Amino acid sequence: TKLLTHQHLGCIIDSLIIYNFTETYMIDRFERFSLAITEISRYWHKIASDEMEQYGLKGPHAIYLLTMDRFNDGITAAQLSEVCEKDKSDVSRAMSLMQKKGLAARVDAHGNPYRALLRLTPNGKSAAEHIRKRAQLAADLAGAKVSEENRAIFYDALESIADNLKEISKGGLPTNTQ
């Protein structure tokens with residue numbers, strides 16, 4: 001009976017340890033979501049930085065190249081800021097650097113610098129095309145094991161979450177939830 005008692009005690013202790021472990025270390029939805037988004041962002045920025053290095057630019061500048069490439073007639077700095085959801089000072093610094101690198105040009109709008117249009121130069125268009133292809137390759141490789149149906153569901157869910165978080169950030173979290 002002593003052996004049985006020790007076995008029982010061992011099983012009880014093991015059960016408590018397993019229960020405690022799963023309660024303590026179980027990842028909830030918020031933590032899982034936050035960690036996954038952070039990890040995706042970190043790797044995506046690393047890949048973008050590696051690709052943009054050959055142009056003397058940083059990874060975050062890729063979005064400006066790709067966005068400007070869609071606006072053949074040009075885009076103002078204010079519009080670029082809005083479309084890319086970046087602050088105007090960041091756009092200004094990036095455009096200054098892209099102009100120095102010969103990738104972008106400012107087209108004067110009757111002497112008003114705030115209405116000047118930003119356009120990609122031929123070198124900028126070439127860089128944007130290259131970056132677009134590389135970004136597509138990275139996205140294809142990253143999602144290689146995801147079916148088209150799951151990909152569509154994922155992007156719909158991600159857009160919905162982003163929209164909801166945007167609204168929450170504007171109005172704050174409700175104080176009374178039950």
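Brief remarks follow.
- Once the C-beta distance of TYR43 and ASN150 is scaled by a Förster radius of 22 Å, the resulting FRET efficiency is 0.65 to the nearest 0.05.
- Which listed pairs, of LYS58/LYS86; LYS100/LYS125; LYS58/LYS145; LYS46/LYS133, have C-alpha distances above 26 Å, in listed order: LYS58/LYS145
- The residues LYS125, LYS101, LYS58, sorted by heavy-atom accessible surface at 1.4 Å with ligands and nucleic acids left out, run LYS58, LYS101, LYS125 from largest to smallest.
- Debye log10 I(q)/I(0) at q = 0.11 Å⁻¹ for the stretch 53-152, Cα point scatterers: -0.37
- Solvent-accessible area, 1.4 Å probe, carbon plus sulfur percent, for the stretch 65-129: 47 percent
- Accessible area per residue in Å² at 1.4 Å probe, computed on the stretch 82-143: 67 Å²
The values are calculated or read from the model by the stated rules, or taken from the named source; none is laboratory data. Keep in mind that this is a model prediction, so the values were computed, not measured. Because the Cβ atoms are built from the backbone with ideal geometry, glycine has one as well, and the counts that use them run over all protein chains shown. Remember, those area values only see protein heavy atoms, side chains included, never the ligands or the DNA or RNA. Shrake-Rupley method; radii C 1.70, N 1.55, O 1.52, S 1.80 Å.
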